[in-house]
1. Please compute the net charge surrounding Val120, taking Lys and Arg as +1 and Asp and Glu as -1 over other residues with Cβ under 10 Å from its Cβ.
2. Specify the angular offset, from 0 to 90 degrees and rounded to the nearest 10, of the alpha carbon long axis of helix 352-365 from the longest principal axis of the alpha carbons in the chain.
3. Quick check: residue separation of Glu382 and Glu196 times 0.36 nm, minus the Cα distance between them. What number comes out in nm?
4. Run the dipole for segment 313-411 about the Cα centre, Lys and Arg Cβ at +1, Asp and Glu Cβ at -1, nothing else charged, and hand back the magnitude in debye, nearest 20.
5. In degrees between 0 and 90, to the nearest 10, how far off the longest principal axis of the chain does helix 2-34 point, with axes built from Cα atoms?
6. Please work out the FRET efficiency for the pair Asp418 and Ser468, using the Cβ-Cβ distance as r and a Förster radius of 35 Å; give the result to the nearest 0.05.
7. Suppose R0 equals 41 Å. What FRET efficiency, 1/(1 + (r/R0)^6) with r the Cβ-Cβ distance, do Lys235 and Lys284 give to the nearest 0.05?
8. At 0.36 nm per residue, and after removing the present C-alpha to C-alpha distance, how many nm does the segment from Leu47 to Ser60 gain when stretched out fully?
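Where a number appears in this text, it was derived from the coordinates with a stated rule and is not lab data. Nothing here was measured: the structure is a model prediction, and the numbers come from that model. Every residue, glycine as well, gets a Cβ built from its backbone with ideal geometry; the counts of neighbours run over all protein chains shown.
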Amino acid sequence: MDETRFLYGYIVFVIGIVIILIIMNTKKMLRGRSTVSIPPGSEGLPLIGETLQFMAAINSSQGFYQFIQVRHLKYGDCFRTNIFGTTNVFFSSTGAAKIILNNEGENFTKRYIKSVGEIVGDNSVLCASTQRHKLIRSRLANLFSLSSLSIFTKQFDQLVLENLSDWEQKAATVVVLREALKVTFKAMCKILLSLESGKELEMLENDVTRVYDAMLAFPLKLPWTKFYRGVKARKRIMRTLEKMINIRRKGLETHEDFLQCLLAEDAVDKDRASLSSSSSETPKKLTDEEIQDNILTMIIAGQDTTASAITWMVKYLSENEEVLDKLKAEHFPLMERTKKSLLTLEDLNRMPYASKVVKESLRMASIVAWYPRLVIHDCEIEGYVIKAGWSVNIDAKSIHLDSTVHINPYKFNPSRFDGDESKPYGFIPFSMGGRTCLGMHMAKAMMLVFLHRLITTYKWEMIDSDSSIDKWAMFARLKSGCPIHVKSTNMKDKSSCCINKA
């Protein structure tokens, strides 16, 4: 009996030791794996994931970023979710931003959610494959050259002057977003297509608005949906652009604009191709579809993002009188020259504090809240396994409002840009790397021109300080549009809208 008890006890002891060893080994294995793990988060419901929560956020007063912010606070600098059937991982650290934005074509390429891609077109510079993106980008770069920017600055200044001249007749109350959308749309259509007025411009404006409204809509093609109306509007825009291209190719019309420039390059490429027909490598050109998709993309980006940024800038200045006073001290002395002629790039370079106001407005507003990329190969980012086929997203807004990156990030303080103290990848309103926004300098120029003319023409008081975001907006738009009461500064030259264009 004693031997039996001893045997049983020995067996139990051995089994216990084995179990302890298994547990210890399992823990060791788990610890070894913990350095490289799947990002935390939830895939939500089967098939639809967390799409419903995402759409609910879009329909809220805080916009779609609310969806990101809630999960950022819950999970930290990295979280996983599922939107429209695709696994999305969001990162909000400067380290991850550097890795992802600087590896275009190696581990990542650009990809927006389905609704955006279908609305702007697969050939858009926003959605094109890495190989085609390089070609498209090289062709579009001419629009943003120094010489083009110099011409555009004067054109935009003239449009701003004409727009501001009407403000006093509008019952002394102006909605900044509405006016900014008008002037930026006219500016983009003039430089891209030489459209300045008429029914065609009005129809194009209405259709571009429908396209913009559909960019974050649920991709359901039913007649009563925003997405359906956006798709229809896109088709009408494509037909209009196709008609313009055909007319110009036949030599029936010529204009000094960007579309003409693209078509001229196309003709040169054809000549080169015929001369080098025996060569294995012929010059590459943009297809008509690529031209059309990117004209639409540039109109949307040039109008909506810039108008939204201008609106936020006016709101921030309305709430920060000290900053506005510093601006006036910088800009009123410039009026002796600028009231007699259109603004030039040299004039904009004489506005260092205004440039900081522009940068701070872009940081605070984060008009483009995140930058999406498609994962090409399995990889590791900051200790997390990222699978091929997933989408990774840089959460730019969280980076811009991170107290470890920017001191007192919720305070509007243009002087934070006095030195070069910001962390690398801590300020990314135009993205970084191979997909950096082509229109970066154009957008800044537009904001500076508008700012200079506004503060030297009017004093204003903001009527509605609500910071709610416009529902279904792809970019961060103020729902109120920033309504203001305006009053002349009495320093305005009444003939300023008729400045000599020479």
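1. Spelling it out: positives minus negatives among the neighbours equals -2.
2. 50 degrees
3. This chain segment gains 62.0 nm when fully extended.
4. The dipole of segment 313-411 has a size of about 380 debye.
5. 10 degrees
6. For R0 = 35 Å, the calculated efficiency reads 0.65.
7. So, using R0 = 41 Å, E works out to roughly 0.90.
8. That pair, Leu47 and Ser60, stretches by 2.3 nm at full extension.
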